[in-house]
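Reviewing the structure listed below.
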């Protein structure tokens, strides 16, 4: 019997292969351990009819646990080489914290090759599959609901950034990671890429990971991670919620493909209100809509230190403090610092002078892989190459 099994009082059959890395990573963590059989029964043998989501590390199924409790069962792919690390990170980060705007981890399964996370079931899926689904959802997001979602996500991030010790940087704030319960209350999910930053550290240097369109330029270029990278991603998300559009749409003319660039252009022309989702049919407060878009611009400024803290963002969204519009400067736009060239995956070649990382893109609903070369500006001597795995939930 392993130390992990002893900790939870579970007897492990000798024919079940254990992963020492997982056993060591989970030692000391108080979390419920489900058997594979329990979760298989709960999801009706992981029936395709119960599949409610799919991401870079596996699939998510709706299930009914013993006692009738609904759950979201996240099955990590056995083919993913990154699965163990992200699996352990997600459990370590989320198992010890609770907040109204974070998902709840019920437990996990670690039998043989099976790595499964069990979360509370959220009835209305994600913002990507509802608000940004291009009319494929039957949920109507009125203006009050959108404001509630903006504030809820901001409060969840403020909790992670400022109230938890060590501070938590999510690293992948995006529409597909914002889930909605039956009342459309937002819950931040998917902590597989999260990083812990002690209060005495200004940043951590790490492999660049995240989603194209939400990545803060300074993090994408230098790999220096701070809470400001999450704040940049949140600013992009705010624009998506107000506009009802994904941040990147490669099907549009080049000038309109990146919504952050469009937002800045409209701000300079004092026409931000034109960005508001037309599906609202005028049922919104123009002043409030422009205020939220200005907060988004504050969050996405090119200089990280100029971006506000998440607690300040919450206060601006709830009208506790005013927005100082004079502090708004040009956002960090990828087109300003890089030459973005999209090529077919077949042309991808490993170069000794390049570095690589994986990221998922919210710009396309297809499951294809695309190679992107980013030639840095004159202040940077190297070129970064990475593979985009398109986010199928967008």
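Computed from the coordinates by the stated procedures, all read-outs in this text should not be read as laboratory data. Remember, it's a predicted structure, so these values are computed and weren't measured experimentally. Cβ atoms come from the backbone with ideal geometry, glycine included; neighbour counts cover every protein chain shown.
Largest first, the three principal axis extents of the alpha carbons in the range 37-81 are 34, 19, 14 Å in whole numbers. Taking the fewest neighbouring Cβ atoms within 10 Å as the starting point, the ordered list for 226, 78, 262, 309 is 78, 309, 262, 226. Distance from the Cα centroid of the range 179-194 to that of the range 243-268 is 25 Å (rounded to whole angstrom).
Highest-first packing order for the peptide set 245-252, 296-303 is 296-303, 245-252, based on the mean count of other beta carbon atoms within 10 Å. Every Cα-Cα pair of the range 188-305 was included, and the share exceeding 21 Å stands at 43 percent.
Between residue 69 and residue 330, the simple spin-label model (points 7 angstrom out along Cα→Cβ) gives 5.3 nm. Protection proxy ranking of 88-101, 105-118, 265-278, by the mean of other Cβ atoms within 10 Å over each peptide's residues and highest first, is 105-118, 88-101, 265-278.
The listed peptides 42-54, 160-172, ordered by packing as a protection proxy, come out as 160-172, 42-54 (highest mean of other Cβ atoms within 10 Å first). If the chain linking residue 207 and residue 281 were pulled fully straight, counting 0.36 nm for each residue of separation and taking away their Cα-Cα distance, it would gain 22.3 nm. Each residue, residue 261 and residue 318, gets one label point 7 Å from its Cα in the Cβ direction; the gap between the two is 3.7 nm.
Provide, for q = 0.12, 0.14, 0.19, 0.20 Å⁻¹, the log10 of I(q)/I(0) from a solvent-free Debye sum over equal Cα point scatterers in the range 114-260. Treating every Cα as an identical point scatterer, log10 I(q)/I(0) equals -0.52, -0.71, -1.20, -1.29.
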